[in-house]
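Read the structure below first, then the notes.
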Amino acid sequence: SDSATTSEQAFLPADKPTGDWKVLRPREEGHEYSADHRDGKFYIRTNTDKGTNFKVMTCPVDKTDAAEWKDLLPYKPKILVSNISVFKDFAVIGESEGGKTELRVLDFATGKNPRLIFTEPVYDVAMAENPDFAASKFRYLYTSLVRPDSTFEYDPASGKSRLLKERAVLGGYDASKYQ
């Protein structure tokens with residue numbers, strides 16, 4: 001349940017579909033959050049503590065009181081955390097810093113959380129639909145002033161991206177002729 005400045009989520013175990021819904025954290029004016037689930041924990045994008053640019057916190061599924069929420073990626077005033085997508089072995093965090101959109105990959109096994117590197121000075125990047133929780137790779141959308149809309153697949157194990165699809169540009173377009 002969302003409004004312009006407030007949100008609230010409820011959850012129900014999938015193996016108990018007739019059970020009672022439980023609110024993750026009760027609605028508070030000015031507090032926005034969204035949560036995803038993995039291995040008995042919620043991964044939460046939140047502006048708690050009046051953090052206008054959001055941060056990422058976690059809490060156990062059975063202990064969702066505010067006191068149980070712990071920083072995973074602490075608040076940084078210059079970085080907007082726009083979203084989080086949780087997979088079995090990693091999470092992808094959408095961030096913006098200095099007007100640039102970035103993707104950060106958090107490896108649950110190692111705790112490392114590098115950003116994907118994009119070499120063009122101006123671009124837009126966003127997560128694509130990734131419905132498979134157990135996937136070992138994820139897809140993202142990328143475009144720039146010299147690259148048409150493109151879909152890439154990123155492999156966190158190798159740290160490499162692979163182009164899957166690129167929108168055709170009519171008229172013999174060749175990206176290498178532009179800078």
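Things to note:
- Across region 90-127, the number of residues qualifying as within 22 Å of T151 (Cβ to Cβ) and exposed (fewer than 15 other Cβ atoms within 10 Å of the Cβ) comes to 11.
- Cβ separations smaller than 7 Å between residues 6+ apart or across chains give the following pairs from region 126-153 residues that are of a type in the set (K, R) to residues that are open to solvent by less than 30 Å² (accessible area, probe 1.4 Å) and assigned to a loop (DSSP other than H, G, I, E, B): R139/A128.
- Matching residues in region 117-141 - criterion: being assigned to a loop (DSSP other than H, G, I, E, B) and of a type in the set (S, T, Y): T119, S136
- Residue in region 63-76 that is closer than 22 Å to Y154 by Cα and not basic (K, R) present: yes
- Residue satisfying all of: in region 1-23; more than 20 Å from D65 (Cα to Cα) and among the hydroxyl-bearing types (S, T, Y); surrounded by the fewest Cβ atoms within 10 Å (Cβ to Cβ) among these: T18
- Qualifying residue in region 161-174 (condition: in contact with a Leu (Cβ under 8 Å, 6 or more places away or on another chain) and either modelled with pLDDT of 95 or more or loosely packed, with under 12 Cβ neighbours inside 10 Å (or both)): yes
- If you go through region 79-108 and keep only what is at pLDDT below 95 and not in a strand (DSSP E or B), you end up with G98, G99.
- Of all residues in region 1-30, those that are under 22 Å from T58 (Cα atoms) and outside any loop (DSSP other than H, G, I, E, B) have Cβ atoms under 9 Å from Cβ atoms of residues that are open to solvent by 60 Å² or more (accessible area, probe 1.4 Å) and among the hydroxyl-bearing types (S, T, Y), 6 or more apart or on another chain, in S7/S1; A10/S1.
- Across region 31-51, the qualifying residues are those that are part of a loop (DSSP other than H, G, I, E, B) and touching a residue at least 12 places away in the same chain (Cβ under 8 Å), and the one among them that is surrounded by the fewest Cβ atoms within 10 Å (Cβ to Cβ) is G40.
- The residues of region 55-78 that are open to solvent by 70 Å² or more (accessible area, probe 1.4 Å) and assigned to a helix (DSSP H, G or I) amount to a single one, A67.
- Tally of residues being open to solvent by less than 80 Å² (accessible area, probe 1.4 Å), assigned to a strand (DSSP E or B) and not acidic (D, E) across region 142-160: 7
The values are calculated or read from the model by the stated rules, or taken from the named source; none is laboratory data. Not measured: the values here are computed from a predicted model. With ideal geometry, Cβ positions are generated from the backbone for all residues, glycine too; neighbour counts draw on all protein chains shown. Protein only, heavy atoms only, side chains kept; ligands, DNA and RNA dropped before computing areas. Shrake-Rupley method; radii C 1.70, N 1.55, O 1.52, S 1.80 Å.
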